[in-house]
Amino acid sequence: MSLKQFIQKNKQFWWYVKDPLKLDNNAVVEGIIKYGDMNDIRQLMKILGAQNTAKIFAGQIRGRRSNYSPKTINYFKQYFKLYGK
């Protein structure tokens with residue numbers, strides 16, 4: 001499955017975006033982590049690569065502001081330590 005097919009299949013996560021197919025990888029990772037389930041996250045990691053997904057997530061939480069809850073940040077930090085390689 002391509003990234004565009006994956007976005008189309010999960011377009012409900014970006015209901016507020018006029019054309020979800022134009023989203024960049026950062027927005028896709030954020031949407032899936034925030035609203036998807038573990039199967040969605042695993043599928044995204046297959047498409048983007050585990051290391052790339054982990055790298056994008058790390059960049060998103062590195063700044064002063066993040067759209068993730070503290071529990072989500074903690075969970076996925078641990079998750080990507082194990083599976084983001």
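Points worth noting:
- Between 0 and 90°, nearest 10: helix 70-83 axis offset from the chain longest Cα axis: 90
- Size of charge dipole - the chain - debye, nearest 20, with Cβ of Lys, Arg +1 and Asp, Glu -1, no other charges: 220
- Angstrom value of the Kirkwood radius, inverse mean 1/r, which spans all Cα pairs in the chain: 13.0
- Helix 38-48 and the longest principal axis of the Cα set of the chain meet at an angle near 80°.
- Were the residues from K55 through D37 laid out at 0.36 nm apart, the gain over their Cα-Cα distance would be 4.5 nm.
Values quoted throughout were computed directly from the atomic coordinates according to the rules given, and no laboratory measurement underlies them. Keep in mind that this is a model prediction, so the values were computed, not measured. Cβ atoms come from the backbone with ideal geometry, glycine included; neighbour counts cover every protein chain shown.
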